[in-house]
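What follows draws every value from the coordinates through simple rules; no lab data is involved. Predicted, not measured: the structure shown is a model, and the values here were computed from it. Cβ sites come from the backbone with ideal geometry, for glycine too, and all protein chains shown count toward neighbours.
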Amino acid sequence: MIPRKPTLLLTLFALLVLVFMNAPTVVVVLASFTKTSYLTVPPQGWTLDWFSEVLTDRGYRRAISTSLTLAAGATALSILLGTAASYALHHRLVRGRDAILSLVMAPLVFPAVVIGVALLQYISMLGFRGQFWILMLAHVLITLPYVVRSAMSSLTGLNPQLEEAAMVLGSNRFEAFRLVTLPLLKPGLVAGGIFSFVTSLDNVPVTIFLLTPRQTTLPVKIFASVEHGVDPSIAAASTLLVAGTAIALILAQKWVSFTRFF
Amino acid sequence: MNSSRWLGAGLVLPATALLLLLFLAPTLLMGLMSLRNYTAGTGVGSDWTIANYLSVLTDGFYIEIMARTLFLGLVVTLATLLLGFPLALFILRSSPAVQTLTILLVIFPLLCNIVVRSFGWMVLLSPNGVINETLASLGLIAEPLDLMYNLTGVVIGLTQIYLPFMVLLLVPALQNIPADVEAAALGLRASRPRTFATIIVPLALPGIITGSILVFVLTISALVTPRMLGGPTYKVMATQIYDEFMTNLNWPAGAALAFILTAITLGLIWGANRLAARYTKGLQA
C-alpha cells in the first residue's frame, strides 16, 4: 500500500479499539487492589491484602503450583518430542511426512472442548481418570503444534551446509545437531516454548474435563469461583496469572522480537 | 531399513504415538459412543443407532442452540472485521515507534487468560458493574442495562477475545498489497473510496477470508466466555456439550453434538483453504 499518515479519524478510532481490547485486563488488575470487600473500579484505597489472601490460601496455592508444574512439564516434553519429530520430518528421514505433520497439527484445528470430552471418555474407560501424567500428556497434545510449527520454520530457515560442514569435519550426526543446529534453532524453540507454556497455563476447555474434584488449576479455579459469586480475591488471583504471563513475555523478548512477524 | 530410517522412526515415534493414543483413539471412540443408544435412567446401552444425530438435528431445543451458535459466530466475525480493519490500517500507516507500541497493545490481551478477560467483562458489564454504575451516576439511565447473560455480553466478550487474531492476519494481508496498483488506480482518477473498495479490499481478501474463518471457528467452539458472560441459561454448542457430559451424563448425545461441531469446523477450514488457494491462483493468472 502507498505509505501515508493516518488521518485524525482513523487515529481516534484505533485508540478506542485499543482501549476496548485492553479494558477488561486493566479493570481486573485495578479491582484487585481495592480495600472494599466487594469489587469496585476504580479501587477505593490501595491494599495488597487480597494478594496475601490468595497466596496464603491452601486451595489457591495448590492450584498455582499445579498450573506451573503442568505448564513447565508439558512445555519441556513438547520441546523434546517436537524438536525430535521436526528434525526427522525436515530431513525426510521418515516416510509419510505430510500425514505425520497433519496428525501433529490436528489438535490445533479441532474444537478444544471436543478434545476434552473425547479424552474424558477415553481415560474413564481405561481407568486413568484423575492421573496427573494423563493431564500433562493432554497438555503436550495441545502445545506440541506450536513447538513443531516453530521448529519446522526455524529448520527451513537454516543453511543445510552448516550441518554438512560439521559432519565433513568429523562430527557425527548427533554432535552436528547439538553443536551446530541446536544453537541456531534456539530462538525458534524459545518462541515455541513460551507460546506452549502460556497455552498450557491458560487452558480450560481441555483441562476442566480431566480434573478430579480434588484437583484444580488456577484458571479452572477462577472459572469455577465466578459461579459462586465474585469478590476481589478472584481479581487478585487473575492479576497473578496476568503477571505470570507478562513475565514470561518479557523474558521471551530477550530472544525474540514480536514485531519481527511483520 | 538403513540407519537413517531407523533414526527417523525413533525420532518421530514418541510424538506420533502420543497423537495416536491420546488424540486419534479417543476421537474414534467418541465416534462409536455417538452411535450408542441412550435411555434416561439406565444410561448408555449396547445397541447401535443414529438416533442421537437425528434427535440433535430435529429437536427444536438443539436446533435453537446450533442456530444461536452459528449466529453468534457470524456477529462476532463481522464485529472483529469492522473493528480490526481500521486498526490494521492504522498500524500500517503509523511511525515505527507507534507501530511497535500498537502491536504490543494488540498482542498483550491475546496472551492474557481468557478466563481473566471474561471475568474483566463481568466486572464491566454486570448490573452493578463499572459501565452501569458510571451511566447511572451521570444520570443517563434509571435502570441498569442488561449487558450480560445475553447475546450482547457474549458478543462483546468474544469480539474482544478474538480481535487480536483478526488484526494480526489483516496487517500482513494489507502490507503485501503493492503500492503501484493503488497508485495506478489513483493516477487513473479513481477516487480514494473507489480505490479502497475495488483495489484494496479485493487484494486483501485472502487475509480477510483467513481471519474471518479463524474467528468464526474459534467463536462457535468457545466454552469459557459463553458460560461466564452468557450464564447457565444462554446455551451454545460448546456449553451444551459440557452439560451433556458433566451434568446430564448423556454421553451419546454429547458425542453426537461434538461431532457435528467438529464437522462444521473442519468443513469450514477445508473450504476456506480451497477458496484462498483458488483466489490466490486467480490473482496470479
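Structure values in brief
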quantity	calculated
For region B:84-151 and region B:213-285, distance of Cα centres in Å	24
Estimated inter-spin distance, A:Ile2 and B:Val201, nm [label 7 Å along Cα→Cβ]	1.9
Relative contact order (%) - criterion: Cα under 8 Å, at least six apart; region: region B:55-284	26
Loop-located trypsin sites (Lys or Arg not before Pro) in region B:182-285, at most 15 other Cβ atoms within 10 Å (DSSP)	B:Arg189
Loop sites in region A:38-123: chymotrypsin sites (Phe, Trp or Tyr not before Pro), DSSP, at most 16 other Cβ within 10 Å	A:Tyr38, A:Trp46
Ratio of Rg to Rh over the protein assembly as shown (Cα coordinates, Kirkwood Rh, two decimals)	0.98
Rh (Kirkwood; distinct C-alpha pairs) - chain A, Å	21.3
Descending Cα extents along the principal axes, region A:70-197, whole Å	54, 29, 23
At least 20 Å along the helix axis (C-alpha) and Kyte average at least 0.5, DSSP helices within chain A	A:8-31, A:58-90, A:112-126, A:132-157, A:182-202, A:232-253
Approximate spin-label separation A:Arg62-B:Glu64, in nm, with each point projected 7 Å along Cα-to-Cβ	4.0
Chain A, relative contact order in percent, only Cα pairs under 8 angstrom and at least six apart counted	30
All aspartates and glutamates inside 15 Å of A:Lys35 as judged from Cα atoms, apart from same-chain residues fewer than 8 positions distant	A:Asp49, A:Glu53, A:Asp231
In Å, descending, principal axis extents of the Cα set of region B:55-284	63, 49, 28
Geometric extent, Cα atoms of region B:127-252 - Rg, Dmax (angstrom)	21.5, 66
Per-selection Kirkwood Rh - region B:109-151 (Cα, Å, 1 d.p.)	11.1
Relative contact order computed over region B:198-285 (Cα-Cα under 8 Å; 6+ residues apart), in percent	32
Helical mean residue ellipticity (222 nm; -39500 (n - 2.57) per DSSP H run of 4+; nearest 500) of the protein assembly as shown	-24000 deg cm²/dmol
Helix runs (DSSP H) in chain B reaching 30 Å along axis by Cα, Kyte-Doolittle at least 0.5	B:60-93, B:151-175, B:251-284
Region A:177-230: trypsin sites (Lys or Arg not before Pro) in DSSP loop, at most 16 other beta carbons within 10 Å	A:Arg214
Long-range amide H partners of B:Ser94 with built H, under 5 Å	none
Projected-area average for region A:58-104 over all orientations - Cα convex hull basis, square nanometres	3.7
Calculated P(r) tail over 21 Å for region A:126-262, as whole % of Cα pairs	58
